[in-house]
Amino acid sequence: MIGDLPPEAFDLPLDAFIARLATHVLEEYIPSDIETEGSAGSGDGSNSFYVARALKGHPDLRHAGADQAADALMSNERMAAVLSDMPSMRIEFTEDDLVAFYAAWERVRVPMNVDPVEAAMDVVSSLPPELLLHTVKRRPGRYPKFLTLAALLQLLVAQGPILLPCRKVGHHMGCELNTVSTWANWGRDDGVLLLAREHSFRSGAGSRASEYVMGLHQWEGRVIRGIAEAAGIRLKPELIDWTRAQFELRVET
């Protein structure tokens, strides 16, 4: 498995970054073992998804389309060998390479070197008001945006607990840590956010943030589908069923 590039690599100018990426992949190449856990790639062993995740994490391409990313990619002929999914030094890009790269670019949800909370907040900030989640009880401030952020993180993680670290959420939403903590407590009180694991604090390393499950089943399907589509995520009915089951299990116990 090829590990992610170090954070300092993303500070390089784009052409130098692409050269670094090509060298990194070709030096560490392990056939058909390119995708990291949670990357949601094609599963066919192609390097395209890894390359797309890396390029989308560079500041110059963070919000770029596939055309601009492909132009940058093709400026370095060594990337042809990377995309070939073969330990060769082929220097020509094929139609198959580019089709695979375009498809991979569209599937990237969380780019390399980008925090999932930041990626989710980018989507939340662009949503129309009708796609922000509300509960029956009236709450002040940006509580609906917090709920929508939690829903997006659940869509990204799928069938697993999400993290809502107060410091990161507060940083990206521009609010105090206590505000984030209050929003999380409101979510639990309103029956839409399930605490799956309490946080644990240890001096030094080893502390764990609280883990949650967001009750996607609590809202109309069209709203959750709209949020998923805005993030480029295909909503699977089994995810809705899974969140419902987690809430029902907690009630039974």
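Here, each number is a calculation from the coordinates, and none is a lab measurement. Values in this document were obtained by computation on a predicted structure and should not be read as measured data. Every residue, glycine among them, receives a Cβ derived from its backbone with ideal geometry; neighbour counts consider all protein chains shown.
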**Prompt:** What nm value, rounded to one decimal, do you get for the distance between GLU95 and LEU195 when each label is placed 7 Å out toward the C-beta?
**Reply:** 5.8 nm
**Request:** Could you name the lysines whose alpha carbon sits less than 27 Å from that of LYS236, not counting residues in the same chain fewer than 8 places away?
**Result:** LYS56, LYS145
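Highest mean first, how do 180-189, 111-120 rank when packing is the count of other Cβ atoms within 10 Å averaged over residues?
On the way: 180-189: 17.3, 111-120: 19.2.
The densest-packed peptide leads the list: 111-120, 180-189.
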**Prompt:** Between ASN178 and GLU229, what is the label-to-label distance in nm when each label sits 7 Å out along the Cα-to-Cβ direction?
**Reply:** 4.2 nm
**Fill in**
Cα-based Rg then Dmax for region 116-252, in Å, read 14.3, 45
